[in-house]
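Only one structure is covered here, and it is reproduced in the block below.
The values are calculated or read from the model by the stated rules, or taken from the named source; none is laboratory data. Treat the numbers as computed from the prediction; the structure is a model and nothing was measured. Backbone-built Cβ (ideal geometry, glycine too); neighbour counts: all protein chains shown.
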Amino acid sequence: MKLKRRYRRGLFHFFRLIARLLGRGGMPALRDRGHRFGLLHYRFKPGKRRQLQAQIQRALAVSPDEAAAVLREAYRINDRAILEILAMYTRTVTAAEVAAACQVGGLEHLDEALAEGKGVVMLGMHMGNGVAMATHLAERGYPIAVIYRESGKIPTGFFRDGISGLGMEAIPAAPAATGVRRMLKALKENRILFILMDQATKQAGVAARFLGKSLNMPPGPAELARRTGASVVPALLTGVEPLWQFQLSRPVKLAPQDSLETTVQNLTEIMQSHIEKRPQWWTWHQRRWCRYPFVNETDGD
């Protein structure tokens, strides 16, 4: 395990250096080189590629060729996002440059939710560069905090310092007690919490059906909204070139009488619906989803 962690940390430092070098050309250079890197990455591991293509084919009920095209584009787009975020967090590009590389529609829905004075839980997904979208909002004056989770393959403090350097509050998801206290405080102050919810959690979660599998999904966004009355505003990726394009959906008000399990499933279905519409932009190759078995049709699917 130690060797594996050292290997992953070595890769992280290598790609951080690459991002710094490429970032000297600004966001356009990161976009173009990120696309090329993604295509190389797609070709690099044929075994994993075949496994993922088979899973995509089953999850989306598409042909082998369609599944291959979805996965190829997912590598191209999301490896670009990773390269950009590394450059952003090392301050190779400025917050203003990042904001200019992103368009966000539906701001009236965000304003509507904030007008209630209970804060907003912004539901994000691992589709493209969501941190660029959050940075764009912060540059426009919206009070936004990004929820992050530390990773053993990345030096402690990298996410925290990177998010703070872009002008946003960085709130760690763990330890849970401290994280939840800060999140509740942010909502009480009528701020926006940007949270990603589209991957299984290693800690205790809530079982939900997601893209043909049963995963323990993070309950945090649902619990926060239920406790505070905050609206949930989904942030959906709708375009990738030449700029990132996000659309903020109408605020979702959670029914207090619903169980936590029902609420988590409802939010999961919002994410799944968008992924099914734009499957080529979701990070099939980066998320834990692929490690879980499909629910058998005989189990009541």
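With L184, L166, L123 as the choices, which residue is in contact with a strand residue (DSSP E or B) (Cβ under 7 Å, 6 or more places away or on another chain) and not charged (D, E, K, R)?
Of the residues listed, the single one that is in contact with a strand residue (DSSP E or B) (Cβ under 7 Å, 6 or more places away or on another chain) and not charged (D, E, K, R) is L123.
For segment 291-301, indicate whether the set of residues that are of a type outside the set (S, T, Y) and under 16 Å from the mean Cα position of the chain (by Cα) is non-empty.
So far as segment 291-301 goes, no, none of its residues is of a type outside the set (S, T, Y) and under 16 Å from the mean Cα position of the chain (by Cα).
Here is a list: P256, P251. Which entry is modelled with pLDDT under 95 and closer than 24 Å to A115 by Cβ?
Only one candidate passes the filter, namely P256.
Would you mind stating whether L260 is out of contact with any Gly (no Cβ under 7 Å at 6 or more places or on another chain) and either over 27 Å from Q55 (Cβ atoms) or not acidic (D, E) (or both)?
yes
Looking at (1) farther than 30 Å from T156 by Cβ; (2) touching a Leu at 6+ places or on another chain (Cβ under 6 Å); (3) without any contact (Cβ under 8 Å) to a residue 40 or more places away in the chain, which is the one condition that is false for A29?
Looking at each condition in turn, A29 falls short on (1).
So which residues in segment 240-282 are of a type in the set (D, E, K, R) and outside any helix (DSSP H, G or I)?
E241, R250, K253, D258, R278
Go through (1) crowded, with 24+ Cβ neighbours inside 10 Å; (2) touching a Lys or Arg at 6+ places or on another chain (Cβ under 6 Å) and name the single condition P143 misses.
With (1) crowded, with 24+ Cβ neighbours inside 10 Å; (2) touching a Lys or Arg at 6+ places or on another chain (Cβ under 6 Å) applied to P143, the lone miss is (1).
Based on this model, can you work out whether S259 counts as closer than 14 Å to D198 by Cα, surrounded by fewer than 14 Cβ atoms within 10 Å (Cβ to Cβ) and polar (S, T, N, Q)?
It is false that S259 is closer than 14 Å to D198 by Cα, surrounded by fewer than 14 Cβ atoms within 10 Å (Cβ to Cβ) and polar (S, T, N, Q).
Considering only strands (runs of 3 or more DSSP E) fully contained in segment 194-239, which possess at least 2 residues that are more than 21 Å from I144 (Cβ to Cβ)?
Passing ranges, in order: 206-210, 213-217.
Tell me, yes or no, whether segment 137-154 has at least one residue that is within 16 Å of the chain's Cα centre (by Cα), more than 27 Å from L254 (Cα to Cα) and of a type in the set (D, E, K, R).
Yes, some residue in segment 137-154 is within 16 Å of the chain's Cα centre (by Cα), more than 27 Å from L254 (Cα to Cα) and of a type in the set (D, E, K, R).
Taking the conditions exactly as written (at pLDDT 95 or above, of a type in the set (G, A, S), within 23 Å of the chain's Cα centre (by Cα) and farther than 27 Å from A132 by Cβ), does A61 satisfy them or not?
It is false that A61 is at pLDDT 95 or above, of a type in the set (G, A, S), within 23 Å of the chain's Cα centre (by Cα) and farther than 27 Å from A132 by Cβ.
Given the criteria of a type in the set (K, R) and either crowded, with 22+ Cβ neighbours inside 10 Å or more than 21 Å from M127 (Cα to Cα) (or both), does R72 qualify?
No.
One residue is enough: does segment 243-256 have a residue meeting the conditions touching a residue at least 24 places away in the same chain (Cβ under 8 Å), more than 19 Å from L107 (Cβ to Cβ) and aromatic (F, W, Y)?
no
Would you call M125 surrounded by 14 or more Cβ atoms within 10 Å (Cβ to Cβ), out of contact with any helix residue (DSSP H, G or I) (no Cβ under 7 Å at 6 or more places or on another chain) and in contact (Cβ under 8 Å) with a residue 60 or more places away in the chain?
no
Looking only at segment 204-241, filter to residues that are polar (S, T, N, Q) and more than 27 Å from Y75 (Cα to Cα); which one of those is surrounded by the most Cβ atoms within 10 Å (Cβ to Cβ)?
S231
Return the total of residues in segment 263-286 being surrounded by fewer than 16 Cβ atoms within 10 Å (Cβ to Cβ) and either within 14 Å of the chain's Cα centre (by Cα) or closer than 12 Å to M217 by Cα (or both).
The qualifying residues number 1.
Confirm whether M168 is within 25 Å of F210 (Cβ to Cβ), out of contact with any His (no Cβ under 8 Å at 6 or more places or on another chain), surrounded by 16 or more Cβ atoms within 10 Å (Cβ to Cβ) and not small (G, A, S).
No.
Just one of the numbered conditions (1) assigned to a loop (DSSP other than H, G, I, E, B); (2) in contact with a strand residue (DSSP E or B) (Cβ under 8 Å, 6 or more places away or on another chain) is not true of H285; which one?
(2)
Please go through segment 45-61 and give me each residue that is in contact (Cβ under 8 Å) with a residue 60 or more places away in the chain and of a type in the set (A, V, I, L, M, F, W, C), ordered by number.
L52, I56, A59, L60
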